């Protein structure tokens, strides 16, 4: 609407929509940004304004570039994780050790950890699917201590605000009292409560991703890692390092929760070994000249 001079969408048609999408292309936005804008426009007309335009199906979606994910070496991961402390350090180690997405880590409930099977149950991952992944043995002690801290906080605040945690998929109606049990509390809770207007109660949500992202970025700088690494890089490292250790691709697909094997296969390209490949420059022989930059 702003691009078209604040005209109402009902007054806009194929020419105006194409002009806006072409503007995005000219602005060098990413393919995902362009696709998101197109989906939003289609949703606006079809579901909000309830208008059908046959030319929607003719709009071309840009194709995403095939890019290899950023993967740190094992020593680099050790340095970055060693530069972190506190609860965000536990989160970062859990993401690397279990291959979790950032939101999957933050959304973990106490009941999702199966201690005797060294397993983590990931609920409602990407695509709304559940899956199992590995619980690192080296994190068992620190995670049990985290559960004890959450339990102590839960006991303290239950007489004050009820000790409620938000319930997914309308389960609060099916199990009215489950939201105040310890098992449903988030493993990494937020420091503040949020008001649930529908149920008229305070609820303790999970921690914000901002703190972990900020601490991880600072740790990358302190560790001297020059690659542009984010928290999600730890998930890429989990996959690549397991692949190098001999984990088969199907098992890796299940651990990562990929619906398509092609999504997992990208890590085989990341881990292509160049051992034994010699640069032609090194084959020239003779004495190596001492080169100095000018």
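The values are calculated or read from the model by the stated rules, or taken from the named source; none is laboratory data. Keep in mind the model is a prediction, meaning the values are calculated, not measured. Neighbour counts are summed over all protein chains in view; Cβ atoms, including those assigned to glycine, are modelled from backbone coordinates with ideal geometry.
Regarding region 106-121, can at least one residue be identified that is within 29 Å of residue 35 (Cβ to Cβ), assigned to a strand (DSSP E or B) and in contact with a strand residue (DSSP E or B) (Cβ under 6 Å, 6 or more places away or on another chain)?
Filtering region 106-121 down to residues within 29 Å of residue 35 (Cβ to Cβ) leaves 106-107.
From what is left, the residues that are assigned to a strand (DSSP E or B) are none.
There is no residue in region 106-121 that is within 29 Å of residue 35 (Cβ to Cβ), assigned to a strand (DSSP E or B) and in contact with a strand residue (DSSP E or B) (Cβ under 6 Å, 6 or more places away or on another chain).
In this structure, is residue 114 surrounded by fewer than 18 Cβ atoms within 10 Å (Cβ to Cβ) and at pLDDT 95 or above?
So residue 114 fits the description; yes.
Mind checking whether some residue in region 6-26 is under 29 Å from residue 266 (Cα atoms) and without any contact (Cβ under 8 Å) to a residue 60 or more places away in the chain? Show your work before the answer.
Filtering region 6-26 down to residues under 29 Å from residue 266 (Cα atoms) leaves 24-25.
Those left that are additionally without any contact (Cβ under 8 Å) to a residue 60 or more places away in the chain: 24-25.
Looking for residues that are under 29 Å from residue 266 (Cα atoms) and without any contact (Cβ under 8 Å) to a residue 60 or more places away in the chain, one finds at least one in region 6-26, hence yes.
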* Asked: Are any of the residues in region 262-272 under 21 Å from residue 80 (Cα atoms), modelled with pLDDT of 85 or more and either assigned by TED's automatic domain parsing to the domain that holds residue 141 or in a loop (DSSP other than H, G, I, E, B) (or both)?
  -> no
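Against the definition (modelled with pLDDT under 95, under 16 Å from the mean Cα position of the chain (by Cα) and assigned to a helix (DSSP H, G or I)), how does residue 97 come out, yes or no?
Considered against the rule, which asks whether it is modelled with pLDDT under 95, under 16 Å from the mean Cα position of the chain (by Cα) and assigned to a helix (DSSP H, G or I), residue 97 comes out as no.
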* Which of the residues belonging to region 27-46 are more than 16 Å from residue 63 (Cα to Cα) and touching a residue at least 24 places away in the same chain (Cβ under 8 Å)? -> 41, 44, 45
* Does residue 119 qualify as being assigned by TED's automatic domain parsing to the domain that holds residue 232 and loosely packed, with under 14 Cβ neighbours inside 10 Å? -> no
* Can you confirm whether region 146-159 contains a residue that is exposed (fewer than 11 other Cβ atoms within 10 Å of the Cβ) and modelled with pLDDT under 90? => no
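Go through region 192-206 and report how many residues are closer than 21 Å to residue 112 by Cβ and either buried (at least 20 other Cβ atoms within 10 Å of the Cβ) or out of contact with any strand residue (DSSP E or B) (no Cβ under 6 Å at 6 or more places or on another chain) (or both). Let's see the steps before the verdict.
Kept after step one, since they are closer than 21 Å to residue 112 by Cβ, are these residues of region 192-206: 194, 203-206.
Next cut, either buried (at least 20 other Cβ atoms within 10 Å of the Cβ) or out of contact with any strand residue (DSSP E or B) (no Cβ under 6 Å at 6 or more places or on another chain) (or both) only: 203-204.
Total meeting the criteria: 2.
Kindly evaluate residue 49 against the criterion of being in contact (Cβ under 8 Å) with a residue 24 or more places away in the chain, loosely packed, with under 13 Cβ neighbours inside 10 Å, touching a helix residue (DSSP H, G or I) at 6+ places or on another chain (Cβ under 7 Å) and not assigned by TED's automatic domain parsing to the domain that holds residue 241.
Considered against the rule, which asks whether it is in contact (Cβ under 8 Å) with a residue 24 or more places away in the chain, loosely packed, with under 13 Cβ neighbours inside 10 Å, touching a helix residue (DSSP H, G or I) at 6+ places or on another chain (Cβ under 7 Å) and not assigned by TED's automatic domain parsing to the domain that holds residue 241, residue 49 comes out as yes.
Report those helices (runs of 4 or more DSSP H) wholly inside region 152-253 carrying at least 3 residues which are more than 15 Å from residue 107 (Cα to Cα), within 22 Å of the chain's Cα centre (by Cα) and touching a residue at least 60 places away in the same chain (Cβ under 8 Å). If you could, list the steps in order and put the result at the bottom.
On the way: elements: 171-174, 209-222, 233-244.
By residue number, 209-222, 233-244.
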* Asked: Does region 1-48 hold any residues that are in a loop (DSSP other than H, G, I, E, B) and closer than 21 Å to residue 67 by Cβ, and which are they?
  -> 27, 28, 29, 30
* Asked: Right, residue 88: touching a helix residue (DSSP H, G or I) at 6+ places or on another chain (Cβ under 7 Å) and part of a helix (DSSP H, G or I) or not?
  -> yes
